[in-house]
Structure formats: structure tokens, C-alpha cells
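Every read-out reported here was derived from the displayed coordinates using simple, explicitly stated rules and does not represent laboratory data. Being a predicted model, the structure only gives us computed values, none of them experimental. Ideal geometry is used to build each Cβ from the backbone, glycine not excepted, and the neighbour counts take in all protein chains shown.
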Amino acid sequence: MSDVLIKNGLVVDGSGNKGEMRPILIQGDKLLLPKTGEEVQAKVVVDAQGLVVAPGFIDIHSHTTLTTLVQSKGGSKLSQGITTEVTGNCGSFPAPFSADSQEAELSTRDIDWSLPGYRNYLQQFTNIPISHNLGFLIGHGSLRAAVMGYDDRKPTAAELERMKEYIAEGMKMGAMGMSTGLGYPPGIFAEIDELVELYKVVADFGGIHATHMREEGDELLESIDESIEISRRSGAALQVSHLKAVGKPNWGKVVTAIEKLEAAKKEGMDVNYDFYPYTACSTGLSSQLPNWVHEGGWSKAEGRLQDPQSRARILAEVRAKLEEAVGWHNFLITSLSEKNRAMEGKDLAEIAAIRGQHPAEAMLDLLLEEQGNIWMVKFSMADEDVYTVAASELSMVGSDGNALVLNDPNNRKPHPRSYGAFPRALKLLWREQRLFSLETAIAKMTSAPATKLKLDRRGLIADGYFADLVIFDPQEVGDTATYANPHSLAAGIHSVYVNGALAYEGDRFLDPKSGIMVRPLK
């Protein structure tokens, strides 16, 4: 007798093929597909009449780390149907050790971070039961910081070799590949030759090149060219992160960007990208400073913000880049310390008016007061670009969010994507915009990332595959999280299973602790 029988639902198996009415069995942590006419029994019977049964969604682009898993065990991700996520994107991962990048992790758990490499950090995911599956990418920025700090220079031969050793270690420990954050320090200081040499090691292990590109605005197309060139020269499969065009003057450039990626695909390269279905991004406010300000880390940047001559140059460059293309009212400040808490949830134009300053001056002063630690939401993309990016055969859905505690008061104003990215994609792009079929939508969330990541028996509903499932109402599924109220559960999610265990049902996170660290097939 099986553990669970799911019957009367429309099974959309993740392959892109048309859904069909058929029963599904869960036996332990695996799926069993009974033959037509076969009589089946189970301890629990789930009637999925009027519902869709799909593979659990795979979030190929996330930023969940030990901190968020200790707190949440995956709550906000499971509530939107995500059963597996890949962290370590945008060049950032808590290992190998670097004092600057470990501060948040150090405050969470008593771990000896002084040990180099990945083993000590990854062991914590074995020690701490988690409730959804997690894979990881090596963060190029993190390993560069560990080896050579925040210096704006080429690595020495010895430093390059040390980074290669770290990459080999991480890949042997189960990394999916390596990510870059070329828009953030210290990744901004890396030149193409360095990246090619490092990605050759990744390619030797069959890993991917996931990249937050150097520019997503004025130099978007040049950044696409650079990303393709790195993969062409290194042999690593390309995964462009959160493809978009930032700033009104750049809207529409995604068409040419996709054409360039499609051309690379026709050459025989393994090329894809991910996206989230929103017109606002979210990142640290310090990322809006010119690259040269970041050389040497925050302590040096702080000095430059205080030095009158450097500050005048920063103000001129920031205004030239952001004032017209984005606009100060489109920078929503989402996290501040207690002393500035009254400004939280306001945009930079509002904050500047309250403080009697120009918005650029207010931005720099806030960064100084908060020691650079400010998160913001930036409204900078066009709806039409989001639809264009979503529609391509190369696209996959990624949240770019974190696994958060449901209704956590300590995460006051996160981007709503941590609660709503995948249900929103179904509602907005399939049900409302009709950009693709339901079957295609689900494939973009399941088999496509599973194939890219070389996951073992995930991403499809098939006999012998792991029992990661999401059951949802196709007419009701959608996001309810907003920028004003981001801690709001998705609508229409009936239930979620992780490795055969019921993890979410009826708006309740059940914390089954059935998740595992997933690693790519070799």
C-alpha cells in the first residue's frame, strides 16, 4: 500500500506535454505512476478535482543562506510551490571565509568561520534539518574577497591558482557551478581573462556560468557579449541572471539581448536565462555608487563619502546616472536601523523633502549613517520588457528572493518576490497575458531548470522520480504580496510535498524537515 494517492487532478508533468487526468502515488520519497486500469490503494487519498498537479517548482535564482534557513526552514518559498532552490547567486556565498561577507552568518550561529573552503559551511545544512531542497553555486565575489580582498587589480598567478583551488573544492562538494556579481564589489574589478580562467575549472566539472552581468542598463548589450564570450572561451554553460533592461532610456534593449543569446544557442552553446515577473529589482543601496568608490571595501568607501572632493565627484556621477533614467521617487527604502526607522517605506524623494536635502545628498548621508547597510526596491523596468523576456524559449522563472519566516516582523519590507514570484508568473504571464500555455509555464519552472542544473530525478512527474509536488487551483493561483504588504501568502496553492512529505497545506507551513542538499549528476 502506498502512502498517498492523488486522484482526479490534471497532471501537468513538467515536460511541456499536454496535461492529462491520471492518478499519482507517493511511496516514501518517490513517485509511482500506476498503469491504466491498475487498482491502487493508499493510506491517504487526496482528491484533486479541479486542481493541477505539477512537479515542485525549482527556483534557479535565490539568495537563501544559512541565516534564513535557520529562521524559516523555507516558509515563504514553500508557500508559493517552490520545493528546490539554488542559492549563491550574484557572486555571493558565505564560503570561503571572508570577514566582510560573513558578518550576518556569524551573528546567527556559532560556527568557526576561520576554516577555509566550503566543507565547514555546507556541513551546517546536514546538521540543521531543512524543509525544502537546496543547491548552491560558488560565489565568485566571495572567493575573490577571501583571496585578494576588495582590491581593484588583476590577481597574481598565485592568487588565481588559489581561486581555482577553491572552485575545484566547491565543485567536488556539489556546487552547480559558479556565479558572478559583476555589478557588485569585488566582482566589478574582475576582468574577462580572470573569469575565463576560473570558469575553465567550472567547465571541467560540468558546472554552469550563472552571471549577474556587469551592466543591466546603458551597457546591457556589451554585457551580454561579455557573458557569451566568457562561456565560449571557457566552455561553461551560460545562465544569465534576472535578464532585464534598467532605466527608461534602455527599455526595449531586451529584444536585441535575447537575439544575441539565441544566436549563441544556434552556435551550439548551452545558453539560458532566468527572470522574475516584476518591474522592480531589490538590492543594496550602496550598489548605486560608482565602481571606484568600492575599492578597498566599505571602510575606504566611507572615507570617500566624507571627503569633500570625492563626495562632489560621487554626487555628480550618481545624479548623471540615476536622476533622469530612474528618478529618485523610484527608490523605495526598505530596511533601516532603529534611528532612521521613520524613513523606512519611503522613497528617496520623500526622504530628501523631509530632511531638506537633494535626494542624492540624502542617499549618501543615509549610507554613512547606516554604514552602507541599506536595502531598497528600485522601480526601473518596463512591463513590455518583462513580457518579452518571459516569452522566449530560453527563459526560466527565478525569484531572486529569500526563504523567509511567514509574517516575520524582522523582515519588514522585503521585495514581494520572496512570497509571490512563481504564482505571479502563472497568474500574470499565463492566465492574463497568455504568453504561453500552462504546460510551457510549468516547464519553465520545473524541467528546464532541472535539466540546466543536472538535478537527479527532479523537475518531472515520472515513475521513480522524487516526490516533489505542488497542487494548485489554475483559476485562483496568483500572488497577493505587494510592495506595501509583502508578507502575504499566494492564492490558490492547495498543497506542497517535498520528498514525499506534506510541507504546506491550506496556508499552513508544516515544516516537515524533509529537504536535502541537492547536487548535480556527474
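Worth a mention:
- Expressed in units of 2.2 N^0.38 Å, where N is the residue count, the Cα radius of gyration of the range 286-345 is 1.25.
- The chain, relative contact order [Cα under 8 Å, separation at least 6], %: 22
- 9 Å beta-carbon shell around M163, net charge (K/R +1, D/E -1): -2
- Entry note, the chain: the mean residue ellipticity at 222 nm calculated from DSSP H runs of n ≥ 4, each adding -39500 (n - 2.57), is -9500 deg cm²/dmol after division by the residues and rounding to the nearest 500.
- The chain - share of DSSP beta bridges that are antiparallel (%, nearest 5): 50
- Restricted to Cα atoms, the chain shows a radius of gyration and a Dmax of 22.6, 80 angstrom.
- Using all pairs of distinct alpha-carbon atoms, the Kirkwood hydrodynamic radius of the range 412-522 works out to 15.2 angstrom.
- Summing Cβ point charges (Lys, Arg +1; Asp, Glu -1) relative to the Cα centre of the chain gives a dipole of roughly 740 debye.
- Kyte-Doolittle mean at least 1.0 and Cα axial length at least 27 Å: DSSP H helices in the chain: none
- Positive-end ranking of L78, F136, G170 along the dipole of the chain, with charges on Cβ about the Cα centre, is headed by L78.
- Estimated inter-spin distance, I192 and E159, nm [label 7 Å along Cα→Cβ]: 2.1
- Considering only T65, G9, G235, and ranking their Cα positions along the charge dipole of the chain that arises from unit charges at the beta-carbon of Lys, Arg, Asp and Glu, the one farthest toward the positive end is G9.
- Extension gain, A316 back to S437 (0.36 nm per residue minus Cα-Cα distance, nm): 38.8 nm
- Assuming charge only on the beta carbon of Lys and Arg (+1) and of Asp and Glu (-1), the dipole of the range 186-271 about its Cα centre is about 360 debye to the nearest 20.
- Label point of L368 set 7 angstrom out along Cα-Cβ; within the range 319-336, amide nitrogens under 20 Å from it belong to 319-320, 336.
- Globularity ratio of the range 361-456, using Cα Rg and 2.2 N^0.38 Å: 1.38
- Charge tally in the Cβ shell below 13 Å around P129, where Lys, Arg are +1 and Asp, Glu are -1, P129 excluded: +1
- When you count the other C-beta atoms within 10 angstrom of each residue and take the mean per peptide, 155-163, 380-388, 271-279 line up highest first as 271-279, 380-388, 155-163.
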